[in-house]
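Input: a single structure, listed below in structure tokens.
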Amino acid sequence: MTWNVHIRYEGYERRREVGRHSRALSRTALCAFVLLAAFTVAGCQGSGGRPSASVRIGFALGTLVQVRAYAHGEQADKAVREAFARIEEVEALMSANVPSSDIAAVNRKAGGLPTRVAGDTLYVVKRAREYGDLSHGRFDAAIGPLVRLWGIGTDHAKLPSPEEIAAARSLVDYRDVEVDESAGTVRLRKAGMALDLGAIAKGFAADRAAEALVNRGVRSAFIDLGGNILVVGSRPDGSPWRVGIQDPWKERGATFAVVPVRNMAVVSSGTYERFFEQGGKRYHHIIDPDTGYPAETGIVSATVLARHAVDADALSTTVFLLGPSDGMKLITRLAGVEAVVVTDDRQVIISPGLRGVIEISTGWTVRFYGLEDVQES
Ligand code: AMP
Ligand code: MG
């Protein structure tokens, strides 16, 4: 049996036969299939005509990845393949769950000798440390022991005992992560410490993917790493990309707002992303290093817009951890960065730079941070 894939492309649908499969499309089948499939959609090729689009979907960094790029001739396909290779490289270096990764090696040697790591790993650890400073320790790349203990998003997620939490907490402090730039090494001061770059590595991977696309001549692309969006240029027709923001209370893909953007990352952190429920309570995956429990700041989702996805990714987690007031205060201090926060009482707080730009669905109470008026959308 053949398998048809439908692709929505600028308002019309194209079908293209891309492979053979005998079962209905399931998530697993999709992941298995898409690792192999790269397919071209859209019209005329050749240097004079409209650019052709290449779309590839795969699974990396624990999430579904989609890269869509527009270029003339064969370039789009090649560029998208390279973008995927960059993302896979980041996963191979920085995933704590890949035993051969830099991060797994650093974690194994915690309390021991420094580990030589790739330049990219060094860079991301360094940036993560900066976000530790910026958030006064809320964003903590040494969160590993607590992430492992809770196991949120794995099949062994559980509510730990207070003793277990206290023991793990005592090992979490990003200031005990030593980065030696001249030697190219990273070292964790205490045995039992563990790095976890889950809050920043996807953003870095998106930046690397975009770089690969641009180097191949792509001027228009859309990169999606499990809802972490990075757009290159504008849409092929010159209009801005339209990025939706997830409604935290609705099914995946249901959005409550749209931001028209060019050359921008739009990254969300939310309680809906990974969690388990026990005794009527939701335990999500963003942990407050001070308490050792999932952070309760009144935020259900924080979305950050920034030029680079590495910043948008780290900052969305940071704003989530800081809460609406301190989070927004930080955002307004940073040049070229905007944010959209949704609180647990369904308020939407938006940085003033998005006024007149963001489009909000009806039925929400909206406030622009620092401005007096409250709007009903
Ligand atoms: P994100 O989805 O980008 O907000 O990142 C959440 C992920 O970052 C979690 O799944 C953990 O891997 C990691 N993480 C959890 N708590 C923290 C924290 N306090 N600081 C830095 N990373 C964290
Ligand atoms: Mg993040």
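The values are calculated or read from the model by the stated rules, or taken from the named source; none is laboratory data. Keep in mind that what you see is a predicted model, and the values were worked out from it rather than measured. Backbone-built Cβ (ideal geometry, glycine too); neighbour counts: all protein chains shown. Note: areas computed on protein heavy atoms with side chains; ligands, DNA, RNA excluded. Shrake-Rupley method; radii C 1.70, N 1.55, O 1.52, S 1.80 Å.
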Checklist entry - Can you name every residue in the range 135-176 that is among the hydrophobic types (A, V, I, L, M, F, W, C) and either assigned to a loop (DSSP other than H, G, I, E, B) or within 19 Å of the chain's Cα centre (by Cα) (or both)? => result Phe139, Ala141, Ala142, Ile143, Val147, Ile152, Ala157, Leu159, Leu171, Val172
Item to check | Those residues of the range 187-225 which are more than 11 Å from ligand 2 (Cβ to nearest atom), within 13 Å of the chain's Cα centre (by Cα) and outside any helix (DSSP H, G or I), in sequence order | outcome: Ile223, Asp224
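Report yes if Ala194 is under 27 Å from Thr63 (Cα atoms) and in contact (Cβ under 8 Å) with a residue 12 or more places away in the chain, otherwise no.
yes
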Checklist entry - For the range 311-377, which strands (runs of 3 or more DSSP E) that fit wholly inside it have 1 or more residues that are open to solvent by 70 Å² or more (accessible area, probe 1.4 Å) and assigned by TED's automatic domain parsing to the domain that holds Val261? => result 365-368, 374-376
Item to check | Subset of the range 169-209 that is within 12 Å of ligand 1 (Cβ to nearest atom) and farther than 18 Å from Met94 by Cβ - its residue that is least open to solvent (accessible area, probe 1.4 Å) | outcome: Val172
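Matching residues to (1) modelled with pLDDT of 95 or more; (2) within 29 Å of Gly153 (Cα to Cα); (3) more than 19 Å from the chain's Cα centre (by Cα); (4) hydroxyl-bearing (Ser, Thr, Tyr):
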| position | (1), (2), (3), (4) |
| --- | --- |
| Thr2 | no, no, yes, yes |
| Ser26 | no, yes, yes, yes |
| Ala29 | no, yes, yes, no |
| Arg56 | yes, yes, no, no |
| Ala85 | yes, yes, no, no |
| Glu91 | yes, yes, no, no |
| Ser95 | yes, yes, no, yes |
| Ala105 | yes, yes, yes, no |
Checklist outcome for this item: Every listed condition ((1) of a type outside the set (A, V, I, L, M); (2) near ligand 1 (Cβ under 10 Å from one of its atoms); (3) open to solvent by 20 Å² or more (accessible area, probe 1.4 Å)) holds for Lys281 save (2)
Next on the checklist: For the range 276-285, check the following and say yes or no: at least one residue is part of a strand (DSSP E or B), among the hydrophobic types (A, V, I, L, M, F, W, C), away from ligand 2 (no atom under 16 Å from the Cβ) and at pLDDT below 95.
Outcome noted: yes
Next on the checklist: Can you say whether Arg148 is within 30 Å of Gly280 (Cα to Cα), surrounded by fewer than 24 Cβ atoms within 10 Å (Cβ to Cβ) and either more than 16 Å from ligand 2 (Cβ to nearest atom) or outside the structural domain of Ser301 (by TED's automatic domain parsing) (or both), as far as the supplied structure shows?
Outcome noted: yes
Item to check | Lone qualifier among Val124, Val80 - being in contact with a strand residue (DSSP E or B) (Cβ under 8 Å, 6 or more places away or on another chain) and either outside any loop (DSSP other than H, G, I, E, B) or not assigned by TED's automatic domain parsing to the domain that holds Val179 (or both) | outcome: Val80
